[in-house]
Amino acid sequence: MCQTVTDRPEFQYIAENYKEILYNVENARAKYRSAEDKVQIMAVTKTVPPEKVNFAIAQGIDLLGENRVQEYLSKKEQYDPSAAVHMIGHLQTNKVKYIIDSVDMIQSVDSAKLAGEINRLAVAHNKRMDILVEVNIGAEESKSGVSPQELLPLLEDISMLENVSVRGLMAIPPIGSGEDVFARMHEIFLEVKEKNIGGIQMELLSMGMSGDYELAVKHGSGLVRIGTKLFGARKYLEV
Ligand SMILES: *Cc1c(COP(=O)(O)O)cnc(C)c1O
């Protein structure tokens, strides 16, 4: 007997988790945000097999987040193509060529060099690529992202690139961050938006993961990136 994608009792916990996340996001949104604000829920797929990802898509997930180019390439043919895909992991300049045609956004842009390579390949492929600029809001040495001080000059550089469209900012507040860190990131987002830099849009703040997504929604996030709370604990440690 051929199983359909939804006929998987062993994956039922993913449906329950998704309902809970939806409920919590909607509560935080209704409590703290204006009526027209939308918050997207992204399923972060690292280490998760494609059949589980497709089960999540069948529950209503329409956006996937990918961290690693190799892992994504090994899984993408098996994904239900109805979901959009964003690259959210640190991206090496020499790997852009592998994903330029298959992702809908690159959220982890943190240098002029990387943006330039995305632009070069976008031109060659006759497309525009939407990006977010990643801000290292926790000033963590191990994390990627541009410092808040370097953000404006970088945005100005990127605004010159014809085939790259900046749509907003992405941030990963360090685990256990106080609320002030989320509030500060939102402030930075609003400050940049106010500057109205030509050629870029500031419409999306991507912030919030399993442990802090409600706090992120409270502080202006328009996209929460959820792995563990949706799919369960990952099988290997992050590096
Ligand atoms: C892994 C990851 C997430 C999801 O983390 P969880 O805590 O499992 O929800 C979100 N964003 C990025 C950039 C990640 O690498």
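Restricting attention to the stretch 101-113, the residues being more than 15 Å from S165 (Cβ to Cβ) and either in a loop (DSSP other than H, G, I, E, B) or without any contact (Cβ under 8 Å) to a residue 40 or more places away in the chain (or both) number 5.
Test of understanding: among V103, V135, V85, which residue is out of contact with any Lys or Arg (no Cβ under 6 Å at 6 or more places or on another chain), aliphatic (A, V, I, L, M) and more than 25 Å from A56 (Cβ to Cβ)? Please lay out each step first, then the result.
On the way: V103 fails: more than 25 Å from A56 (Cβ to Cβ); V85 fails: more than 25 Å from A56 (Cβ to Cβ).
Going through V103, V135, V85 in turn, just one is out of contact with any Lys or Arg (no Cβ under 6 Å at 6 or more places or on another chain), aliphatic (A, V, I, L, M) and more than 25 Å from A56 (Cβ to Cβ): V135.
Residue-level check: of (1) out of contact with any Phe, Trp or Tyr (no Cβ under 7 Å at 6 or more places or on another chain); (2) at pLDDT 95 or above, S177 misses just (2).
Is there any pair with a first residue in the stretch 60-73 that is polar (S, T, N, Q) and a second that is in a helix (DSSP H, G or I) whose Cβ atoms are under 9 Å apart and which are 6 or more apart or on different chains, and what are they? Every condition considered, the pairs that remain are Q70/K95; Q70/Y98.
Against the criterion of being touching a residue at least 24 places away in the same chain (Cβ under 8 Å) and more than 14 Å from the chain's Cα centre (by Cα), E141 does not qualify.
Of the residues that make up the stretch 105-117, is at least one polar (S, T, N, Q), within 30 Å of L190 (Cα to Cα) and away from the ligand (no atom under 13 Å from the Cβ)?
Restricting attention to the stretch 105-117, the residues satisfying the condition of being polar (S, T, N, Q) are 107-108, 111.
Narrowing the set further to residues that are within 30 Å of L190 (Cα to Cα) leaves 107-108, 111.
Remaining after also requiring away from the ligand (no atom under 13 Å from the Cβ): 111.
Checked against the condition, which is being polar (S, T, N, Q), within 30 Å of L190 (Cα to Cα) and away from the ligand (no atom under 13 Å from the Cβ), the stretch 105-117 yields at least one hit.
Residues in the stretch 114-133 that are basic (K, R) and touching a residue at least 24 places away in the same chain (Cβ under 8 Å): K127, R128.
If you go through the stretch 167-189 and pick out every residue that is open to solvent by 40 Å² or more (accessible area, probe 1.4 Å) and away from the ligand (no atom under 16 Å from the Cβ), you end up with 6.
Could you list, in sequence order, all residues of the stretch 86-106 that are in contact with a Phe, Trp or Tyr (Cβ under 9 Å, 6 or more places away or on another chain) and open to solvent by 10 Å² or more (accessible area, probe 1.4 Å)? Correct list: Y98, S102. Among the residues making up the stretch 17-51, those that are assigned to a loop (DSSP other than H, G, I, E, B) and surrounded by 12 or more Cβ atoms within 10 Å (Cβ to Cβ) are R33, D37, V39, T45, K46, T47, V48, P49.
Table: residues versus (1) within 17 Å of M207 (Cα to Cα); (2) under 14 Å from the mean Cα position of the chain (by Cα); (3) away from the ligand (no atom under 13 Å from the Cβ).
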{"residue": "E16", "(1), (2), (3)": "no, no, yes"}
{"residue": "V48", "(1), (2), (3)": "no, no, no"}
{"residue": "F55", "(1), (2), (3)": "no, no, yes"}
{"residue": "L64", "(1), (2), (3)": "yes, yes, no"}
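When each of L230, L223, L215, L204 is tested for being in contact (Cβ under 8 Å) with a residue 24 or more places away in the chain, under 16 Å from S165 (Cα atoms) and within 16 Å of the ligand (Cβ to nearest atom), the lone residue that passes is L204.
Within the stretch 55-78, restricting attention to residues that are in contact with a strand residue (DSSP E or B) (Cβ under 7 Å, 6 or more places away or on another chain) and part of a loop (DSSP other than H, G, I, E, B), which residue is least open to solvent (accessible area, probe 1.4 Å)? Steps first, please.
In the first step, residues of the stretch 55-78 are kept if they are in contact with a strand residue (DSSP E or B) (Cβ under 7 Å, 6 or more places away or on another chain); the result is 56, 61-66, 72.
Checking which are part of a loop (DSSP other than H, G, I, E, B) leaves us with 61-62.
Working: I61: 6, D62: 91 Å².
Ranking the candidates gives I61 first.
The values are calculated or read from the model by the stated rules, or taken from the named source; none is laboratory data. Model, not experiment: these values are computed from the prediction. Virtual Cβ from ideal backbone geometry, glycine too; neighbours counted across all protein chains shown. Side chains are part of the model used for accessible areas, which takes the heavy atoms of the whole protein and leaves out ligands, DNA and RNA. Shrake-Rupley method; radii C 1.70, N 1.55, O 1.52, S 1.80 Å.
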